[in-house]
Amino acid sequence: MSRVRAFGAFWWDFVVGDDWRAAAGVVLAIGVTAAIAAGGVAAWWFLPLAVAAILAVSLYRETHAAG
């Protein structure tokens, strides 16, 4: 495996990990936070709430998974 591919694989595993939905939710939350801030509104409060909600949904999905 080339070093570039290994480097990319490391970052993919580090950022996405086991739950691509949680990673996508965090990226979306960062985008919404940026949009709120661009509108001239204090947006510091949105990201912690969004991450807490994403964590709660992810934990619920894992604990109630069929299997």
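Tell me, what HN-Hα J-couplings in whole Hz come from the Karplus equation 6.51 cos²θ - 1.76 cosθ + 1.60 at θ = phi - 60° for each residue of region 31-38, using x for Gly and Pro?
Per-residue couplings from phi come out as x, 5, 4, 5, 5, 5, 5, 5 Hz.
Would you mind estimating how fast the chain diffuses translationally, via Stokes-Einstein at 25 °C and 0.890 mPa s with the Kirkwood radius over Cα pairs, in µm²/s?
The diffusion coefficient I find is 177 µm²/s.
Suppose the chain between His64 and Ile30 were pulled fully straight at 0.36 nm per residue; how much longer would it get relative to their current alpha carbon spacing?
Extending this stretch completely gives an extra 9.5 nm.
Exposure proxy check: Val4, Val32 ranked by fewest other beta carbons within 10 Å?
Val4, Val32
Given points 7 Å out from each Cα along the Cα-Cβ axis, report the Ala42 to Arg3 separation in nanometres with one decimal.
Those two pseudo-labels are separated by 4.7 nm.
Taken together, the values in this text are just the output of simple stated rules run on the coordinates, not laboratory data. Quick caveat: nothing in here was measured; it's all calculated off a predicted structure. With ideal geometry, Cβ positions are generated from the backbone for all residues, glycine too; neighbour counts draw on all protein chains shown.
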